[in-house]
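See below for the structure under consideration.
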Amino acid sequence: MLRTLATTVVAALAAIGLTSGVANAATLDYVALGDSYSSGVGAGSYLDSSSCKRSSNAYPVLYAGRTSASLNFQACSGAKTSDVLNNQVSALSDETDLVTISVGGNDAGFAGVMQDCILGGDSGCKTAIDNAKAFVNGTLPGLLEKTYGEIRSRAPEATVIVLGYPHFYKIGGSCSVGLSDTSRGYINSGADALDSVIQKEASEAGFAFADVRPAFTGHEICSGSAWLHSVTYPIDESYHPTATGQAQGYYPSLVAALG
């Protein structure tokens, strides 16, 4: 309870720039788990040469820097729930105060779905999204339940924030080439299905859910002010938040979820 209170107080002070002088008294043991949306793929300024592509612009680093939290940055590009369990949760302990995680998109075959939508037209996109939704609704809940259960077991005193995924596209936006609005709508509906299941499982585990969709509204691809990459190079950065998306989309969503 005291750790949760310390987290809330420091987050509130960070939001108004008043952490100076209190950081040492309320230093948080913070572990950031998850996939590329947490590691910061697409945000640049990578901290090392590993394939995890952990960015100094990612929301975990921003939060740690603004609160003087002690960050153990485990999130890694491409991570599935199995990778979190096998490679990341060992960083947790009963001393952990704060845990953040985004995971589930890779389990649902995110990269393959986007490829099918780009290459397969509206029909191929709908089939790919329908198949992904079937996995999300049928199989993913059990995978998340196991993952969240292990997090709670290893970090029994921690505040845990589960972050979701944004809509990729503004429908009826400024894009005149590429996917049709029909396919873009299918893709957004896939994000909704994923976020719905993640939110439900997070709630059942007693974790808070940070919905990033409101923050990204008006900043989707085709909005004219996108905080997400479209197809880009390196290709693995496609459909990931920019540095601005991390700073103005994910970071404030985390702070809001902390209350």
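The values are calculated or read from the model by the stated rules, or taken from the named source; none is laboratory data. Owing to the predicted nature of the structure, the values given are computational and were not obtained by experimental measurement. Neighbour counts are summed over all protein chains in view; Cβ atoms, including those assigned to glycine, are modelled from backbone coordinates with ideal geometry. The protein model used for the area step is the full one, side chains on, heavy atoms only, and it has no ligands, DNA or RNA in it. Shrake-Rupley method; radii C 1.70, N 1.55, O 1.52, S 1.80 Å.
Side notes on the structure shown:
- Backbone N under 16 Å from the Gln115 label point (7 Å along Cα→Cβ), restricted to region 172-206: none
- Local net charge near Asn87, Cβ-Cβ under 14 Å (Lys/Arg +1, Asp/Glu -1): 0
- Between amide H atoms placed 1.01 Å from N, distances below 5 Å from Val212 occur with Gly164, Tyr165, all of them 5 or more places distant or on a separate chain.
- Here the contact order of the chain, divided by its residue count and restricted to Cα pairs under 8 Å and six or more residues apart, works out to 22 percent.
- The phi-based Karplus calculation (6.51 cos²θ - 1.76 cosθ + 1.60; θ = phi - 60°) puts the 3J(HN,Hα) values of region 110-117 at 3, 5, x, 4, 5, 5, 5, 5 Hz, whole numbers, x for Gly and Pro.
- Here the dipole of region 52-176 is about 300 debye; that uses its Cα centre as origin and unit charges on the Cβ of Lys and Arg (positive) and Asp and Glu (negative).
- For region 54-202, the C-alpha radius of gyration sits at 1.16 times the compact-globule guess of 2.2 N^0.38 Å, with N the residue count.
- A Förster distance of 35 Å, applied to the separation of the beta-carbon atoms of Asp48 and Ser123, puts the FRET efficiency at 0.25.
- Remark: spin-label model distance Ser70-Lys200 equals 3.9 nm, labels positioned 7 Å along the Cα→Cβ axis.
- Identified option (computed volume of the Cα convex hull per residue in Å³; candidates (1) 120; (2) 137; (3) 111): (3)
- Efficiency of FRET from Cβ geometry, Gln248 and Glu95, R₀ 30 Å, rounded to 0.05: 0.45
- Based on C-alpha pairs under 8 angstrom that are at least 6 apart in sequence, region 62-167 has a relative contact order of 40 percent.
- Choice from Leu85, Leu119, Leu163 with maximal GNM fluctuation in the chain (Cα, 10 Å cutoff): Leu119
- Counted charge near Ser50, where neighbours are those whose Cβ lies closer than 14 Å (Asp, Glu -1; Lys, Arg +1): -1
- Rounded percent of accessible protein surface that carbon and sulfur make up, the chain, 1.4 Å probe: 52
- Three-way shape label, region 174-259, alpha-carbon gyration tensor, a/c 1.5: prolate
- Ellipticity estimate at 222 nm from DSSP helix runs (n ≥ 4, -39,500 (n - 2.57)) divided over the chain, nearest 500: -13000 deg cm²/dmol
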